[in-house]
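The values are calculated or read from the model by the stated rules, or taken from the named source; none is laboratory data. Since the structure is predicted, the reported quantities are computational estimates derived from the model, not experimental observations. Because the Cβ atoms are built from the backbone with ideal geometry, glycine has one as well, and the counts that use them run over all protein chains shown. For accessibility, only protein heavy atoms count, side chains too; no ligands or nucleic acids. Shrake-Rupley method; radii C 1.70, N 1.55, O 1.52, S 1.80 Å.
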Amino acid sequence: MVKPITNFGKYLVLMSRVFSRPERFRMYFKQYVNEMVQLGINSIGIVLLISFFIGAVICIQIKLNIESPWMPRFVVGYTTREILLLEFSSSIMCLILAGKVGSNIASEIGTMRVTQQIDALEIMGINSASYLILPKILGLMTIIPLLVTFSIFAGIIGAFCTAWFAGIMNATDLQYGLQYCFVEWYIWCGFIKSLFFAFIIASVSAYFGYTVEGGSIAVGKASTDSVVSSSVLILFSDLILTQLLMG
């Protein structure tokens, strides 16, 4: 019980350093743009691929498991849309990104710690916590709504491909279900939740990397701990945010 409380206290202290006033905004802005590309733009491919196949699988599973003469045919499209908007494209996709992006952040900063690059920044009078971590947090939070949007569209396209090429159902029925009783707030809920998840992924992963003690083995352990902790916190915050936004 003592260790989690200690880690949380260290996390808060680190975040207070991270969000201190930057010394040179131009230097931070350049780093911010680089992090958007490295953490966000480079993740678009895996987001599109996973979302496409998940959308197709959701459509097939719903069609096979709830097919009934008493059930309207458009329910497949309706249910697929609700799953993509409410959970998959925000929560589940951020869990996947926690593995890809979170481990990358933790290993990058952890390697800088064990090779004493962070100590060199401190000697030069640079706030290393703010310089290394703040651009990652802001960059991921900026690009995450774009990734959620791509995930939604890729999932819908995957569902349509199953209707067109697999022939499991009429594409017109699927389209009607996707449009039936559409609630715009659900998309905004996905965006809002993804912003919180992006902050968790970037800040928690950076914390584990920044506080590494030891050698390369410790960097690997920190990378693993960052993914596990980020995933647990995402699931916990998803429960709370869903209740607040949808309750």
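Here are the numbers:
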item	result
Rounded D (µm²/s) - the range 171-247, Kirkwood Rh over Cα pairs, Stokes-Einstein at 20 °C, 1.002 mPa s	143 µm²/s
Part-to-part distance (alpha-carbon centres) for the range 1-42 and the range 53-100, which is given in Å	34 Å
Max mean-square fluctuation residue, GNM over the chain, Cα-Cα springs under 10 Å, options MET15, MET141, MET93	MET15
Farthest positive-ward along the chain dipole, Cα basis, beta-carbon charges - from GLN38, ILE60, ALA166	GLN38
In Hz, Karplus ³J(HN,Hα) per residue of the range 200-215 (6.51, -1.76, 1.60; θ = phi - 60°; x = Gly, Pro)	4, 4, 5, 6, 5, 5, 5, 4, 5, x, 5, 9, 4, 10, x, x
Neighbour net charge for ILE152 - beta-carbon separation under 12 angstrom, K R +1, D E -1	-1
Ellipsoid semi-axes in whole angstrom, largest first, where each is sqrt(5λ) of the Cα gyration tensor of the range 108-196	46, 16, 7
Protein-only accessible surface order, largest first, of ILE66, ILE58 at 1.4 Å	ILE66, ILE58
Sum of -39500 (n - 2.57) over DSSP H runs of 4+, divided by residues of the chain (222 nm, nearest 500)	-25000 deg cm²/dmol
GNM result for the chain, Cα springs below 10 Å: residue of SER231, SER216, SER194 fluctuating most strongly	SER216
Cα gyration tensor category, rounded, prolate or oblate, for the range 94-145 with a/c compared to 1.5	oblate
Relative contact order, percent, the range 118-229 [alpha-carbon distance under 8 Å, six or more residues apart]	30 percent
Portion, in percent, of the accessible area of the chain that falls on carbon or sulfur, probe 1.4 Å	70 percent
Translational D in µm²/s for the range 59-178 (Stokes-Einstein at 37 °C, 0.692 mPa s, Kirkwood Rh from C-alpha pairs)	188 µm²/s
Calculated on alpha-carbon atoms, Rg and Dmax of the chain in Å	20.9, 73
